[in-house]
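Before any comments, here is the structure.
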Amino acid sequence: RTVYLNGDWVDETEARVSIFDRGFLFADAIYEVTAVVGGKLVDYAGHAARLKRSLAALDIPMPVSEEALLTLHREIVARNALSDGGVYLQISRGAEDRDFLYSDALRPTFVMFTQARAVLDNPKWKTGIFVVTMPEGRWVNRQIKTVQLLYSSLAKMEAKRQGADDVLFTEDGVITEAGSSNAHIVTKDGTLVTRALSNALLHGITRASILDLARAAQIRVEERGFTVDEAKNAAEVFLTSASAFVMPVVAIDGQPVGNGKPGPLTARIRDLYIEDRLANAI
Ligand code: PLP
């Protein structure tokens, strides 16, 4: 692959970042992932807007203009002839001798790479996935998309050891989100319930889009916390992310959700999302 590193296009085997980079030493970095389908960027505006919010929250300067950011996305897709997959970008505060305190003059480290993957033809979409619940263990500012992903990574490994595909984090009796996606339930009366935005969860771009589309399609939406028991007894449970769009959950802690098959409202929301956001991909 050709990757982007601080203004240069280089082969992935040539790209080097300093061992003093604060992204490496302190996880002092933010990231974004934008899906690519048919060579086009899906929900790009939302991802670009969240990138700015994440940088602002950590007081890291935006390394390029908004126009340049879009151009870089398009160029990395073109240079790698990427049809389906994603663009990953990471911006760290920069490199200097190790110290908890950082200087103001740091130049951010900005890297981008592509990952090819069948986004729409994900086989798990047809079967749904198994999840297990685990206590929340991440830091409290989960609305900032930082690279502090150690707890999520360990939790996903533990889920895999237990024969599951992903994890649902729980805190104070309610579900925050999944390992790398937002979690939603459909109640037996057909209401889509999703946790309200706060610092407890990442403000998913796919989440925001499906809520808009669901409301426009007259689907009842409630933004509130829901418990593990509510999720286990819901008609449907699904996850949203730029990586998998809308993914049905068919079992929680070994207990089937609904009839143990992907549900009809999940399918409808996935169709609404794909139809609208692919038509508006850039
Ligand atoms: N929640 C977490 C913890 C995530 O890591 C992600 C995506 O990476 C999401 C939610 C979904 O966000 P988005 O729809 O913007 O991809």
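Read-outs: derived from the displayed coordinates by stated rules, not from any lab. None of these values were measured; they are calculated from a predicted model. Note that we place each Cβ from the backbone using ideal geometry, even for glycine, and neighbour counts take in every protein chain shown.
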Dividing the helical contributions, -39500 (n - 2.57) per DSSP H run of n ≥ 4, by the residues of the chain yields a 222 nm value, nearest 500 deg cm²/dmol, of -8500 deg cm²/dmol
Long-range amide H contacts for LEU41: which residues qualify at under 5 Å (H placed 1.01 Å from N, peptide plane, sequence gap of 5 or more or a different chain)? ILE282
Based on Cα positions only, what radius of gyration and what Dmax would you give for the stretch 1-158, in angstroms? 16.8, 51
Debye calculation, C-alpha points only, no solvent: report log10 I(q)/I(0) for the stretch 184-249 at q = 0.18, 0.25 Å⁻¹, in the same order as the q values. -0.65, -1.27
Simple SL model, points at 7 angstrom along Cα→Cβ for ALA279 and ASP11; separation in nm is 4.4
Give me the percent of DSSP beta bridges within the stretch 120-243 that run antiparallel, rounded to the nearest 5. 60
With +1 on each Lys and Arg Cβ and -1 on each Asp and Glu Cβ, how big is the dipole of the stretch 1-75 about its Cα centre, in debye rounded to the nearest 20? 240
Between GLN255 and LYS52, how many nm apart are label points set 7 Å from Cα along the C-beta direction? 4.4
Across the stretch 22-30, in residue order, what do the Karplus-derived ³J(HN,Hα) couplings come to in whole Hz, using 6.51 cos²θ - 1.76 cosθ + 1.60 with θ = phi - 60° and x for Gly and Pro? 5, x, 6, 7, 10, 6, 8, 7, 10
Computed magnitude of the charge dipole of the stretch 124-207 (debye, nearest 20; Cβ of K, R +1, Cβ of D, E -1): 300
Taking Rh as the Kirkwood radius computed over alpha-carbon pairs of the chain and applying Stokes-Einstein at 20 °C with viscosity 1.002 mPa s, one gets a diffusion coefficient in µm² s⁻¹ of 109
How big is the dipole moment of the chain about its Cα centre under a simple scheme where the beta carbon of each Lys and Arg is +1, that of each Asp and Glu is -1, and everything else is neutral? Debye, nearest 20, please. 520
